[in-house]
1. Can you tell me which condition D150 does not meet? The list is (1) at pLDDT 80 or above; (2) assigned to a loop (DSSP other than H, G, I, E, B), and all the others hold.
2. Taking the condition of being outside any strand (DSSP E or B), within 22 Å of E72 (Cβ to Cβ) and either open to solvent by less than 50 Å² (accessible area, probe 1.4 Å) or touching a Gly at 6+ places or on another chain (Cβ under 6 Å) (or both), how many residues in the stretch 105-134 meet it?
3. Quick one: which of D130, D67 is in contact with an Asp or Glu (Cβ under 9 Å, 6 or more places away or on another chain), at pLDDT 85 or above and among the acidic types (D, E)?
4. If you check A46, A59, A37, A81, which single one turns out to be surrounded by 12 or more Cβ atoms within 10 Å (Cβ to Cβ) and at pLDDT below 85?
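The values are calculated or read from the model by the stated rules, or taken from the named source; none is laboratory data. If you're wondering where the values come from, they're calculated on a predicted model, not measured in any experiment. Cβ placement follows ideal geometry from the backbone for every residue including glycine, while neighbour counts extend to all protein chains displayed. Protein only, heavy atoms only, side chains kept; ligands, DNA and RNA dropped before computing areas. Shrake-Rupley method; radii C 1.70, N 1.55, O 1.52, S 1.80 Å.
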Amino acid sequence: MAKGQGSVRMGPISLFTLVIVLCLAVMAVLTVTTAEASRALMNRQAAATAEIYIDEVAAQAFVASLDSSLLEYREAHADAAGAADAGAASGTADAIDATELKNTLTGALPTCVSAAETAAKAQGSFVNVDARTVEGEDVAQVAGVFGAADVGPDALGLAIDFETEHGRLLSVVLQVHKDGTYSILSWKTTTKWSDEGTGDTLWSGV
């Protein structure tokens, strides 16, 4: 008498087990993909935060160097300021001071830029520094400040951009007063948009 061939019967428990195994496999794949995407996002955030601080270090070094240059200007014109307060004719003096102050700023820019770049290199990074003088009401316009009472047609300022290798940008606008002091009108951090790369795709939707 011939024996019948054996067969595997798929009962309800076997089917239920198979579905559970498939679900667990899909969840495992999604977990690994999500973890990888989270890791990449965390790395980008850490790099962006580090570049923000590098920009800040460079900007602080720039302002410190500028302050040293303006300190020499203030000390050199302390007596002239006292004479103006005593009632001396100030029309011509103000014009001369404004011209000399602008020349002082122009001459100090290379040293300030070098100080900012050196500070960034000390942090193990590179920062491109673009500094320029701004005059008149353009000072307020560049800073995005409107209605400022002390920003008039005779205003003198500096606009400085600190940009890291990956496009993190710190824009600073300073207003420099005739007495050699300065005010910070703008201190903003932004990021340049880049279309390079497709980024990490968690789910394509297909």
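1. (1)
2. Residues in the stretch 105-134 being outside any strand (DSSP E or B), within 22 Å of E72 (Cβ to Cβ) and either open to solvent by less than 50 Å² (accessible area, probe 1.4 Å) or touching a Gly at 6+ places or on another chain (Cβ under 6 Å) (or both): 8 in total.
3. D130
4. Details: A46 fails: surrounded by 12 or more Cβ atoms within 10 Å (Cβ to Cβ); A59 fails: at pLDDT below 85; A37 fails: at pLDDT below 85.
Of A46, A59, A37, A81, the one residue that is surrounded by 12 or more Cβ atoms within 10 Å (Cβ to Cβ) and at pLDDT below 85 is A81.
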